[in-house]
Structures are given as C-alpha cells and as structure tokens.
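These notes concern the structure reproduced below.
The values are calculated or read from the model by the stated rules, or taken from the named source; none is laboratory data. Nothing here was measured: the structure is a model prediction, and the numbers come from that model. Heads up, the Cβs are rebuilt from the backbone with ideal geometry, glycines too, and the neighbour counts pull from every protein chain shown. When the accessible area is computed, the model is the full protein with side chains, heavy atoms only, and any ligands, DNA or RNA have been set aside. Shrake-Rupley method; radii C 1.70, N 1.55, O 1.52, S 1.80 Å.
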Amino acid sequence: MFSFLRTFAFALVAVVTLAGPAAAEPLKLVILHFNDWDKMDNAGKVAAVIAQEKSAAKAEGAFPLVTYGGDMISPSLMSGIDKGAHMIALAEMVGIQYATLGNHEFDLGDEVLKARVAESDFAWISSNVTLDGQPFPGVQGPQIIDMNGYKIGLFGLTTPDTTFLASPGPGVAFADYTEAATSAVGALKELGADFIIALSHAGEGPDRELTRLVKDVDLVLGGHDEVARIYYDGRDMLVGGGAEGEFIAKTTITLDKVEKRGKMAVVWTPTFDLIATGGATPDPTVQQQVDAYAAALDQGLGQVIGKTAVEMDTRRAAIRSQETAFGNLVADASRTATGADIGLANGGGIRGDTVYPAGTELTRKTILTELPFGNSTVKLELTGAVLREALEHGVSGVEDGQGRFPQVSGLTFSFDASKPVGSRITEVTVGGKPLDDNATYTLATNDYVGSGGDGYGMLRQAKVLIDGISGGLLAGQVIDYVETRGTVSTGVEGRITRLD
Ligand SMILES: [Zn+2]
C-alpha cells in the first residue's frame, strides 16, 4: 500500500496506491483545499463542509483529496499555551491528508515543529526545507498517489522568506523555489505522474513564477497571502482558500486516457468552486472539541505568568502623555520578538486604564485586557528622517491625550510640547547614539500603526520586512516576554523626557 521507491536528490518519493488495477475509465479527482487556518473557531464548520463534499464525491465514484496550504500551528492565544497541539488534533478531525509547511510553522522553534509533525496522522510535505542538510524530520518529499491507475503527483514548498518571518533554528535552510520544484517534478515525471500538484506556501507571485518556470506543474494549491482565488488560463491553475477556513477551494479534475497518434496520453479538464463555510452547521463532534479547547484556553488565560516588580500605570492620561512601565514592556516585547532596532507602541493601543502596584501578579488575561485589539507586530525598515517625522507626529496631540503618543524601546527622545507641532522633538538617540536622518533603522510596531493608523501615514513609505499576515500576535509576544522573564523589572527609566 505504501512504499518508498527510490531516492532523488532531495527526498524519497512515496507511492500510495488507493485502488487498482488500472481501469480504462476516466478518473474524477475532487481536491478540497484550504490554508492559513490558525484559529480553531471555524473547525466545526470546515469539518462539516469537507465531510459533505467527500461523501458527495464518493457517491459519484470520484476520489476526494483534502489538502492544506500551510500556516496552522501559530499564531493564536491557544498556541501560546499548548504550542499548536490543538490545531494538529483539529486538522486530523477535519480530515486533512497532505499539508505543506508554512512560515508560521516555524514561529515556535524547530523542536516544537518536530513534535507537532511527529504527532500528525496526516502527511506534512515540503521539498525545499532541510535541517542540517537533511529533509526536516518527519516532513516528506514528493508523493505519487495511484488512483485507479492514474498517477497523481504531489509535492510541497515553503517560502524561503520563513528565514526572517519566523524563528527557524540555524540548521534550517530553505532551498530555492524553482530549483526544488524542478527536482520534485523531475522525480514525479520519472515515476510516470499523469497530473502534478504543487502545495505551495508563498503567495501568488512565487506561485505564478512556479507555473511559468517549471513545466509540468499542472495545479498550484496556494497559501500565505490569504487570498481566496481561482485562476485558470487554459493551462495553469492557481487556487487558494482565503484564510481561517472561511472557504474551501474545490477543484475537480477529470482525467482520461486517450489515444493520440498511436500513443496513449492522459488529458484532463478542470472545474472550480469556492465553497463558503459560513452557513454550514458545525460538525457536532468537532465543535465539542473546539468548545473543550475554548474552556482550556479560558483557564489558561487566568493562570499567572509572572509578576511586576515595578508599578505599571496604564491609565489613559499617563499612557498617552509620558513614558510608562507598561508601554516600555509592550515596546520591548515587540522589539525583542522581531529583532528590530526600535519598538514603538501607540498609547491608544493600550486600554486597561488601571494601575498595577509593584508586586502584582500578571496573567495572560491581564495582557489581553491591556491589548484587546488582536494586532500583530510588523517589522519595517525606515530612514532616521522618517523615524523623526513619526516621533514628531507621536507627540503632536499630547495636550489632547491623543492615542498616537509613542511608547518606545531601543530609543530615547526629548520633546517640548510648548513648541509648535512638527518641531517639538529636541533630541533622539537610537542604541545610545544620536539619530542619523540618513541612516536606516528597523522598527517593530503593531500592524495598525505600521499601515498608517493613528495618523502615522509616514510609515507607509517604509519597507515592510514582516507584514501583518506574517507577524506574530502582539499580545502573544508580550505574554511570552513576561513568561520567559518571570518578573517585569523595567520601570520608567528616562526613555522619554518632556521639557515643557
Ligand atoms: Zn504564511
């Protein structure tokens, strides 16, 4: 039933035979694909739609295949607690058969990913990820699935951007997309694949490159850019299922063996459908499991993750006008998580409006109450001049308690609110040195501010190194920061000086 045929440059090719012997009849293959599903909430609906589509396919003699386009085990609040184990269990219940690794699979480090892959009863496939020169443990290379004598080839790919989008260990390498695909397709063709599917986690641009540069890739099942898409130009097919299980992208391929100039050839025709899951009645068993996880999450959120050794003031008037210990904590956590030069948190994004006396125990819920917006952290590259402009904007509404006021990390600045807006910043240092308008800096901030929210339009001209889709949850980063250290010991320490 399951055998390894031979070794190619990159990986073994696994061959699965689903039925046989070869029949002369056409084959109908129904591929149910989704991607970028990292929050458990929709699992019951996704399971219901997939089960319904599978039984409909089987009823008409078709072969269903359930695929996943990557990004599953992170980020979510629950993943902060169980490192993504709940998503693997739900993916199994939903019926995923093949999944490619996304960048978020590497958010929690190599050891966590190894454990998640090891406990998955579906196959993780990716042909361009290695650990110390070997295929990543448990992750498989190209696959041939023999369906009634038709050989369906399948291989996975993972965006090389994962190197800077997530936290893979130093031994993890991502081979070039085109080269890895060429090698995988070569292996599959040599074994007689009639139809080749790439399970790709990189977004539309690289997927189009793939179909352009690598002959014989017939269908790309995508992910990463979270776009629900059906593209077909008569030859190449690109399909994506949006995000969070809101859509199941259904691709039906009818393959047939025909005689062409005395030789047998396989021809195929596709049909497509994007199935919205919103109206589905959740599968009761899966929903019960989701509810159990939600209860565990609620309990986990109430657990103490550390304490503060300093007073933390998140009252509206303080957080929007002066340096505060909690503001420092948020900016420090996002800067540390992304390895940026500078962290910046808008005061308006911190909402607890309370004072935590020194010695207060902190729970995950404390952090979520302070950061309720579910923002992710982006990493931008910008010039000193743009950074100065951002700080000027940050203090431009201080007399009115505007939420734009910046809480900072890796940076100190002084301002004089008696001066006109636009010329209030009197001194800025980054990493202890005066800000250089012409130098380039990296900045971690939340995705709202990073995309120009709270009036930070100047940040739109920055180069995006980590975007909102690829970034970690800001609240999760703060929780990790507190949990790792156990004690918040940084108080107000002279990062922001008000001169008026
Ligand atoms: Zn991704």
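List of remarks:
- Among (1) without any contact (Cβ under 8 Å) to a residue 60 or more places away in the chain; (2) open to solvent by less than 20 Å² (accessible area, probe 1.4 Å); (3) in a loop (DSSP other than H, G, I, E, B); (4) within 16 Å of the ligand (Cβ to nearest atom) - the single one residue 87 does not satisfy: (3)
- Residues in region 189-206 that are more than 16 Å from the ligand (Cβ to nearest atom), crowded, with 18+ Cβ neighbours inside 10 Å and part of a helix (DSSP H, G or I): 0 in all.
For (1) open to solvent by less than 40 Å² (accessible area, probe 1.4 Å); (2) not hydroxyl-bearing (Ser, Thr, Tyr), each residue gets a yes or a no:
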site: 332; (1), (2): yes, yes
site: 352; (1), (2): yes, yes
site: 358; (1), (2): no, yes
site: 367; (1), (2): yes, yes
site: 372; (1), (2): no, yes
site: 383; (1), (2): no, no
site: 402; (1), (2): no, yes
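- Scan region 214-272 for residues that are assigned to a strand (DSSP E or B) and within 29 Å of residue 467 (Cα to Cα) and the total you get is 17.
- Restricting attention to region 91-111, the residues that are more than 16 Å from the ligand (Cβ to nearest atom) and of a type outside the set (Gly, Ala, Ser) total 8.
- When residues of region 273-288 are limited to those that are open to solvent by less than 40 Å² (accessible area, probe 1.4 Å) and part of a loop (DSSP other than H, G, I, E, B), the one nearest to residue 367 (Cα to Cα): 277
- Scope region 274-303; condition within 25 Å of the chain's Cα centre (by Cα) and acidic (Asp, Glu); matching residues: 291, 298
- Those strands (runs of 3 or more DSSP E) of region 109-161 in which at least 3 residues are in the same structural domain as residue 82 (by TED's automatic domain parsing) and over 26 Å from residue 26 (Cβ atoms), considering only elements entirely within it, cover 123-125, 129-131, 150-158.
- Criterion: open to solvent by less than 20 Å² (accessible area, probe 1.4 Å), assigned by TED's automatic domain parsing to the domain that holds residue 75, touching a residue at least 60 places away in the same chain (Cβ under 8 Å) and not in a strand (DSSP E or B) - qualifying residue of 186, 169: 169
- Residue in region 334-350 that is among the charged types (D, E, K, R), at pLDDT below 95 and surrounded by fewer than 23 Cβ atoms within 10 Å (Cβ to Cβ) present: no
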